[in-house]
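Trainee: Pasting a structure here, questions to come.
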Amino acid sequence: MLKYLFLGLFCLTSLIHLYHSYINDKKNRAKTKPFPLIFLILYYVTSAKNINAMLLAALVASWLGDVLLIPDGNRWFIAGGISFLISHVFFILAYVPGIIHYHVNWLIVIPLAIVYFTIAIRIIMAVKDNTPKMMLIPMNGYLWANSIMNVFALMQWMTLRNTGSMVAYVGAVLFFTSDCLLFLVRYHKNKDHIWRRHFLVMTTYLIGELLITAGMLMIGG
């Protein structure tokens with residue numbers, strides 16, 4: 001079926017990109033970066049019984065973020081960050097219909113939200129000496145947006161309590177992990193303290209995006 005073709009192409013282009021990330025081949029890493037999310041989008045569109053417009057918009061915004069982050073420079077980094085910020089908003093809107101607030105255990109959600117926000121602050125503190133001051137607040141705000149996206153994915157899992165919502169939440173966690181690693185790779189004064197820098201960033205990101213998509217498909221959209 002067509003959906004399996006696109007899933008296979010997502011896996012293939014992801015592996016090719018990750019290989020070039022692993023050997024730190026910057027030129028081919030840039031050339032291959034736009035393709036995985038294109039095929040993930042096509043996989044979603046051909047797999048969904050009822051397309052979730054918010055999830056589709058989130059994936060498209062993520063793809064645009066990938067493209068905008070390819071060139072060097074803080075302006076491109078900001079542009080890519082804005083696109084990914086928009087993707088987090090759409091992910092949140094995709095999760096909202098699956099959340100019933102009286103099913104949410106706030107004794108778990110609130111402390112975990114604090115953990116996310118604390119990690120975000122710690123990441124910013126770790127890179128602040130090597131980051132333009134004008135970017136510190138936007139970067140922190142971006143990580144908080146990703147944190148909120150994770151919290152909504154968790155609340156969806158608490159409400160639905162099925163495999164799909166759990167898979168989507170694991171994907172959200174990997175997406176958050178990838179963004180934290182990206183900031184460390186991009187702006188920490190000792191970039192080599194992250195093992196295989198871009199490889200690790202993109203591995204967690206691509207698996208995260210796939211799991212969010214697969215989880216939402218399992219839920220029904």
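Trainee: Of the residues that make up region 126-133, is at least one at pLDDT 90 or above, assigned to a helix (DSSP H, G or I) and either exposed (fewer than 14 other Cβ atoms within 10 Å of the Cβ) or over 18 Å from the mean Cα position of the chain (by Cα) (or both)?
Mentor: No, region 126-133 contains no residue that is at pLDDT 90 or above, assigned to a helix (DSSP H, G or I) and either exposed (fewer than 14 other Cβ atoms within 10 Å of the Cβ) or over 18 Å from the mean Cα position of the chain (by Cα) (or both).
Trainee: Take region 30-52 and flag every residue that is of a type in the set (A, V, I, L, M), closer than 19 Å to I212 by Cα and either modelled with pLDDT under 95 or not in a helix (DSSP H, G or I) (or both).
Mentor: Those that are of a type in the set (A, V, I, L, M), closer than 19 Å to I212 by Cα and either modelled with pLDDT under 95 or not in a helix (DSSP H, G or I) (or both): A48, I51.
Trainee: Filter region 40-64 down to the residues that are of a type outside the set (S, T, Y) and more than 16 Å from the chain's Cα centre (by Cα), then identify the one that is surrounded by the most Cβ atoms within 10 Å (Cβ to Cβ).
Mentor: Selected residue: N52.
Trainee: Among the residues of region 68-77, which ones are surrounded by fewer than 17 Cβ atoms within 10 Å (Cβ to Cβ) and either outside any helix (DSSP H, G or I) or β-branched (V, I, T) (or both)?
Mentor: I70, P71, D72, G73
Trainee: While we're on this one: Which number in (1) in contact with a Leu (Cβ under 9 Å, 6 or more places away or on another chain); (2) closer than 19 Å to F175 by Cβ marks the one condition that W76 misses?
Mentor: (2)
The values are calculated or read from the model by the stated rules, or taken from the named source; none is laboratory data. Everything numeric in this text was worked out from a predicted model, so none of it was measured. Quick reminder, even Gly has a Cβ in these numbers, built from the backbone with ideal geometry, and neighbours come from all protein chains shown.
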